[in-house]
Amino acid sequence: MALCCVLRPPRCHLRPPPLALPRLPAGRRSLVTTTAATWEGKNKARVSCSLPEPSWEERLADAVTPLWRLPYQEQLQVKYETQRKILQTLASRLEELGIDAQKPGGLCCPLQPVVPSPIINGYRNKSTFSVNRGPDGNPKTVGLYVGTGRGRNIVCVKANHVENIPSKHKQVAQCYEEFIWRSPLDSCILFHEGGHWRELVVRTTSCGHTMAIITFHPQQLGQEALATQKALLKEFFTCGPGAVCALTSLYFQESTMTRCSHEQSPYQLLHGAPHIFEELLGLKFRISPDAFFQVNTAGAEVLYQAVGELCQATGDTVLLDICCGTGTIGLSLAHRVSKVIGVEVVEKAIEDAEWNAAFNGISNCEFHSGKAEAVLPQLLASWEDARPLVAVVNPSRAGLHYRVVRAIRNCRSIRRLLYISCKPEGEAMRNFLELCCPPDPKKKLAGEPFAPVLAIPFDMFPHTVHCELVLLFTR
């Protein structure tokens with residue numbers, strides 16, 4: 001089947017608008033204070049010396065990976081200072097609740113140095129690329145955003161120079177752009193204005209597997225027209241220029257929403273295997289299109305080994321893995337404990353977790369599919385097991401639902417809790433206070449409060465301002 005080609009529109013040479021830094025919550029403004037001041041000084045020097053404006057690629061790198069210009073050891077120091085201020089904030093908030101939590105340095109607990117990532121560049125195993133107008137006006141540019149919707153200055157810039165994205169991801173993005181450039185169908189920039197081609201997700205593994213997931217807005221297209229587009233897409237990536245990507249899996253999802261789960265609109269496999277596979281700490285893990293997996297595989301190995309040590313698990317310990325994804329934490333620690341109980345909202349991730357356990361010959365794990373706030377209270381309300389119970393929670397940036405925190409507080413068997421957060425200054429801070437506040441009958445918090453005893457940051461995201469904070473609570 002021949003692919004349709006269209007002429008490129010004339011290129012418009014646009015001058016880059018000033019890039020506004022996104023407004024950060026009060027607790028996070030200190031994240032980039034040093035870095036922003038440094039770049040502000042450099043920009044003033046650039047103006048005074050009549051140096052050229054930064055390129056679009058530099059602007060994108062500054063927006064997505066704001067620490068990329070710093071030597072790595074300086075990046076770690078910036079992140080350490082950020083985590084130190086977060087722990088100071090937590091100590092102050094606990095003091096407001098009448099809890100004497102002040103430790104040396106004004107922290108709520110000791111803070112260890114940031115554990116570095118084993119890989120600094122190209123570490124991401126998952127990247128999401130948008131489709132929108134580029135600096136030259138091309139509405140079919142595949143890349144990442146510079147600017148803000150509020151400022152109405154969003155520009156989509158190719159990610160060729162973003163250091164945390166691996167070359168394979170960039171290659172797939174470039175091929176996808178070539179495909180939609182040839183397509184007679186428009187890109188979908190605003191849903192109500194029509195258009196079809198939307199974002200691209202690329203997932204890769206250390207086993208050499210590559211999965212591409214393409215989102216498509218069907219608008220008013222019928223099934224025959226949709227089938228034609230899927231056939232063209234498959235042909236391009238298997239027999240055409242996109243074959244160079246050597247995709248393990250090619251998925252297609254029709255979506256009329258900004259974000260859409262498999263349950264809302266199934267991922268359609270156009271080519272290859274339904275899953276890709278990753279190896280971590282000697283185990284093999286199956287990954288579905290929308291299953292959660294730590295974005296830095298090498299960093300995840302370091303993180304999970306530390307979590308295993310902090311659990312202080314013995315042969316009779318039961319490990320409660322909340323927001324377990326594909327089961328990576330629980331399965332990697334299964335040999336240390338008597339039983340693992342995992343809870344995860346994404347049904348396909350639970351299917352992966354169960355497959356992972358069976359494939360790796362692990363029989364002491366059970367996984368529950370559903371929202372943690374629905375599953376966990378029922379699970380813990382009838383808990384009568386005398387074995388020690390250790391909880392590990394690794395929620396999204398939205399944090400844990402209040403009913404989950406309440407169930408943990410009210411379960412006397414949980415004496416040790418590890419909270420893993422990539423945004424501890426956000427909703428996780430609310431969870432920390434709920435875990436540590438005095439008993440409150442009005443909120444049905446009858447259980448003994450927890451106390452933070454140790455914090456360890458892990459740099460899972462080099463070149464960005466983020467890291468993964470592991471906060472150990474005991475009672």
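The values are calculated or read from the model by the stated rules, or taken from the named source; none is laboratory data. Because the structure is a prediction, the values reported are computed rather than measured. Cβ coordinates were reconstructed from backbone atoms using ideal geometry, including for glycine residues, and neighbour counts include every protein chain displayed. The area values use the complete protein model at the heavy-atom level, side chains included, leaving out ligands, DNA and RNA. Shrake-Rupley method; radii C 1.70, N 1.55, O 1.52, S 1.80 Å.
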What percent of all Cα-Cα pairs in the range 153-276 falls in each 10 Å bin, counting up from 0? 12, 45, 36, 7, 0
What are the residues whose amide H is under 5 Å from the amide H of residue 133, where those residues sit 5 or more places off or on another chain and H is modelled from the backbone? 156
Determine the sum of side-chain charges near residue 215: Lys and Arg each +1, Asp and Glu each -1, restricted to other residues whose C-beta is under 10 angstrom from that of residue 215. 0
5 Å is the cut-off here: which amide hydrogens, built 1.01 Å from N in the peptide plane, fall below it relative to residue 187, excluding neighbours closer than 5 in sequence? 196, 197
What's the center-to-center distance, using Cα atoms, between the range 193-251 and the range 292-328 in Å? 33
Once the whole set of protein chains is in place, how much accessible area is left on residue 97, using a 1.4 Å probe, in Å² to the nearest 10? 70
Whole percent per 10 Å bin, from 0 to the bin with the longest distance: what is P(r) over all C-alpha pairs of the range 344-475? 11, 37, 37, 14, 1
Magnitude of the Cβ-charge dipole of the range 294-444, K/R +1 and D/E -1, about the Cα centre, nearest 20 debye? 700
Compute, for residue 142, the solvent-accessible surface of its heavy atoms (probe 1.4 Å) with the complete set of protein chains present, and express it in square angstrom to the nearest 10. 10
Distance check, please: which entries in 234/371; 284/339; 79/284; 140/230; 85/443; 158/234 exceed 27 angstrom between their Cα atoms? 234/371; 79/284; 85/443
Can you give me the long-range amide H partners of residue 251? Hydrogens built in the peptide plane at 1.01 Å from N, cutoff under 5 Å, separation of 5 or more residues or another chain. 212, 213, 214, 270
Which length gain, in nm to one decimal place, applies between residue 206 and residue 96 when the Cα-Cα distance is subtracted from 0.36 nm times their residue separation? 34.9 nm
To check my understanding: the extent here is largest minus smallest coordinate of the Cα atoms along each principal axis. What are those three numbers for the chain, in Å, largest first? 70, 59, 41
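Given axes a ≥ b ≥ c from the Cα gyration tensor, I'd like to know whether the range 260-411 is rounded (a/c under 1.5), prolate (a/b larger than b/c) or oblate. Intermediate results must be reported in sequence, preceding the final value.
Values: a/c = 1.82, a/b = 1.28, b/c = 1.42.
Oblate, since a/c reaches 1.5 and b/c is not below a/b.
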Expressed to one decimal in nm², the mean projection of the alpha carbon convex hull of the range 57-196 is 12.2
Exposure of residue 397 as accessible area (Å², to 10), given a probe of 1.4 Å and all protein chains: 120
Neighbour count of at most 11 Cβ within 10 Å plus DSSP loop: longest GluC sites (Glu not before Pro)-free window in the chain: 1-262
Tell me the net charge near residue 186. Cut-off is 12 Å between Cβ atoms, residue 186 excluded, with +1 for each Lys or Arg and -1 for each Asp or Glu. +2
